[in-house]
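For reference, the structure is listed below as structure tokens.
Nothing in this text is a laboratory measurement; each read-out follows from the coordinates by a stated rule. Here the structure is a predicted model, which is why all the values come from computation and not from measurement. Using ideal geometry, Cβ is built from the backbone for each residue, glycine included, and neighbour counts are taken over all protein chains shown.
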Ligand code: APR
Ligand code: PHB
């Protein structure tokens, strides 16, 4: 088989890249090691920047999003027993859309199927080869039969544990990492959200977040020790702890119910540089990971593939390699700003076991400054709604 761009990974990055390339007339094939059902079974965050929504509109995959997504103009910060609203739209003119990543993935899968594009699921032993030459190729095994795809370029959209970054010689990579000393215990429940907007809470017992998937389905998180196991958390224990960590109004008005999903995720900041290796390019979680506090993971995958698809379009339409030569620097410039913002939100809102009372008071001082300064709240808002692509 031959194609112009071989995409490894059918998560949001790979699927959105595939649709953007299709829109630009650039032939592509996606190789995914899991089944579609497995990919859709992943529970992930669900907050889209306007730039991400615009890309989904560009590939005609935003219909359901506009019907079911919730438009939010602000967020609330809870600390010292009170809740403070940050009106992000007032200072940025932008909004964010609450729409689950699973739904984004399903919409992109359906768009790809409707376009009749080639996606190879349950592809085993996927491996990129010769990406330091002008004739890269990707091999894989499907139903026990070995296959090879010749291509012009390889897009590594295979996430943090993928094969693409792992295929780059360690000497060619520089990685930056911070692992946080806690995790997030998340619960999904068929209960109405406690508030129409998200509540980020700094509490002496630990961070909590009240978010949602729709007006009938809530998503809540509490910070928990890294060595906690989800079996240690009954639903009742979760609800009791969550209500201790939010303001009294939220605690009194919260509708609780049985969990339909409950899991613990670790938090890390990670960046691998560069994002290009000859004719192989990394995008999304394959290159960078952010703690979910700023809801940037999916939105960074979107800006990466926006830049990468434009670069490939220039290569084929304008016979110019300027875009592919500039991709890594261009993508990393936006990645690091989002990595900084996600680190800052995480540092301000979580209890750090070894940092003592001084650090806790500094957090409260920063939160008080944020909610009392137009300049400070505007800075938070412009990062939260998404910096320009
Ligand atoms: N061969 C083929 N596919 C692979 C391989 C491999 N060796 N390794 C991983 N994959 C697939 C995974 O099964 C997954 O479907 O690559 C896909 C990567 O998808 P994601 O991990 O979702 O990464 P990305 O598309 O960059 O999306 C980033 O997902 O993890 C969240 O918070 C993150 O919201 C962000 C978004
Ligand atoms: C979510 O809806 O899962 C979510 C929203 C915002 C965040 C993190 C997670 O910052």
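Within the bounds of segment 95-108, is there any residue that is assigned to a loop (DSSP other than H, G, I, E, B), crowded, with 21+ Cβ neighbours inside 10 Å, within 13 Å of ligand 1 (Cβ to nearest atom) and in contact (Cβ under 8 Å) with a residue 60 or more places away in the chain? Scanning segment 95-108 turns up at least one residue that is assigned to a loop (DSSP other than H, G, I, E, B), crowded, with 21+ Cβ neighbours inside 10 Å, within 13 Å of ligand 1 (Cβ to nearest atom) and in contact (Cβ under 8 Å) with a residue 60 or more places away in the chain.
When we screen 149, 120, 154, 187 for residues that are crowded, with 17+ Cβ neighbours inside 10 Å and more than 16 Å from ligand 1 (Cβ to nearest atom), the only hit is 187. Note on segment 46-86: residues that are surrounded by fewer than 17 Cβ atoms within 10 Å (Cβ to Cβ), in contact with a strand residue (DSSP E or B) (Cβ under 7 Å, 6 or more places away or on another chain) and either under 16 Å from residue 298 (Cβ atoms) or touching a residue at least 40 places away in the same chain (Cβ under 8 Å) (or both) amount to 1. Mind listing whichever residues of segment 291-328 are within 16 Å of ligand 2 (Cβ to nearest atom) and touching a helix residue (DSSP H, G or I) at 6+ places or on another chain (Cβ under 7 Å)? Hits for segment 291-328 are 291, 293, 294, 296, 297, 298, 299, 300, 301, 302.
With a requirement of 1 or more residues that are away from ligand 2 (no atom under 16 Å from the Cβ), the strands (runs of 3 or more DSSP E) lying completely within segment 146-229 that satisfy it span 174-189. Scanning segment 250-260 for any residue that is surrounded by fewer than 18 Cβ atoms within 10 Å (Cβ to Cβ) and in a strand (DSSP E or B) turns up at least one such residue.
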